[in-house]
Ligand code: UDP
């Protein structure tokens, strides 16, 4: 089975490419290399450098590689950046996804897996969020993804396509065999920032708000190991391959950690000091985001293997250390 992976040179897409290869699928990467890396695509995997909004190139690629399924990762994904640049996010994540869907329809693609986000929910109560919770994004990032979900649902209904939408909670960690990890140059995500600070790559970090109505005053998130997230995508492909109905599922473990707990775990696992300064709240941040993961567990038979914050931090640390050593050698 030939699978087009948009954003396959990036962090999560790159892990997907490895998993597809390991399982005997034939991945083809489509990536504009804006944040992804050419070196991260294995040599035996075709890489098409292009923009998902380039309809002609996309259609040509889908046909030339006889693509059976699309797994669509390519997106901008930084919440505060989306607050500053909403039009950039709607263009990249929504308008260009429309172009991708149009090419998919023209090429007769019947199977589509889409990376969405828990940011579609907005401010929840302190209870885990089920998929039918109100959809009220707090950021243009969340809205740009929600619009694509809606578009995908309507396109699939009209064109004999089936899909799985995976709403990611907070993805972190790296391939346990250290074949891949998050290499983003200016990382903004909490675990990565805290690990880089512990390793001395940043002098200090900031905690964005300690006055939230949570037990320690900092925001709570459901951190999921990237390998477990990828196994959910593999299960999704298998499910659709067996004729499963279109589905929207949360991808999280069902329990959360506060920003302070994450920082303490990084201190403990790294055994290093880490200066975390208290700063103001960041725009667009919901208070608590934790998944109700019962649907993905039952429908996709998903069984996570790395549900442990210390393991996620340890894998992030190992990858970051390896990257640093590689750079030092260059
Ligand atoms: N956060 C923080 N300092 C940082 C980065 C993140 O305090 O340097 C907080 C952020 O405000 C949020 C949580 O950590 O409450 C997770 O943020 P992240 O950017 O990792 O993911 P998001 O939930 O926004 O997708």
Exercise. Before anything else, pin down the relative contact order of region 67-177: Cα pairs under 8 Å, at least 6 apart, normalised by residue count, whole percent.
Key: 35 percent
Exercise. Divide by every residue of the chain the summed helix terms, -39500 (n - 2.57) for each DSSP H run of at least 4, and state the resulting mean residue ellipticity at 222 nm, rounded to the nearest 500 deg cm²/dmol.
Key: -11500 deg cm²/dmol
Exercise. Calculate how many DSSP beta bridges within region 161-265 are antiparallel, expressed in % of all such bridges and rounded to the nearest 5.
Key: 20 percent
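With a Förster radius of 30 Å, plug the Cβ-Cβ distance of residue 127 and residue 211 into 1/(1 + (r/R0)^6) and report the FRET value to the nearest 0.05.
Here the calculated transfer efficiency is 0.90.
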Quiz item: Using 7 Å Cα-to-Cβ label points, what is the residue 321/residue 23 separation (nm, one decimal)?
Solution: 3.1 nm
Quiz prompt | Distance from region 262-278 to region 116-142 (C-alpha centre basis), Å | solution = 28 Å
Quiz prompt | Gaussian network model of the chain, springs between alpha carbon atoms under 10 Å - residue of 277, 21, 98 with greatest fluctuation | solution = 277
Quiz item: So between residue 66 and residue 2, what do we pick up on full extension, going 0.36 nm a residue minus the alpha carbon distance?
Solution: 22.4 nm
Quiz prompt | Span from the region 18-62 Cα centroid across to the region 66-99 one, whole angstrom | solution = 16 Å
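Fewest to most neighbouring Cβ within 10 Å: what's the order for 326, 167, 318?
Working: 326 10, 167 24, 318 17.
The fewest-first ordering by Cβ neighbours comes to 326, 318, 167.
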Practice problem: Along Cα→Cβ, 7 Å out, is where each label goes; now give me the distance between the ones at residue 238 and residue 34 in nm to one decimal. | Solution: 3.4 nm
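In what order do 225, 255 fall by count of nearby beta-carbon atoms within 10 Å, going from fewest to most? The partial results should precede the final answer.
Numbers: 225 25, 255 14.
Exposure proxy ranking, most exposed first: 255, 225.
What percent antiparallel are the DSSP beta bridges of the chain, to the nearest 5?
That works out to approximately 5 percent antiparallel.
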Quiz item: With labels modelled as points extended 7 Å from the Cα through the Cβ direction, what inter-label distance (nm, one decimal) is found for residue 305 paired with residue 282?
Solution: 3.0 nm
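Rank these for me by crowding, 39, 302, going from fewest to most other beta carbons within 10 Å.
Numbers: 39 9, 302 21.
Least crowded to most crowded, the residues run 39, 302.
A short reminder: the numbers here are calculations on the coordinates, not readings from a lab. Quick caveat, the model's predicted, so the values are computed rather than measured. Cβ: placed from backbone, ideal geometry, glycine included. Neighbour counts: every protein chain shown.
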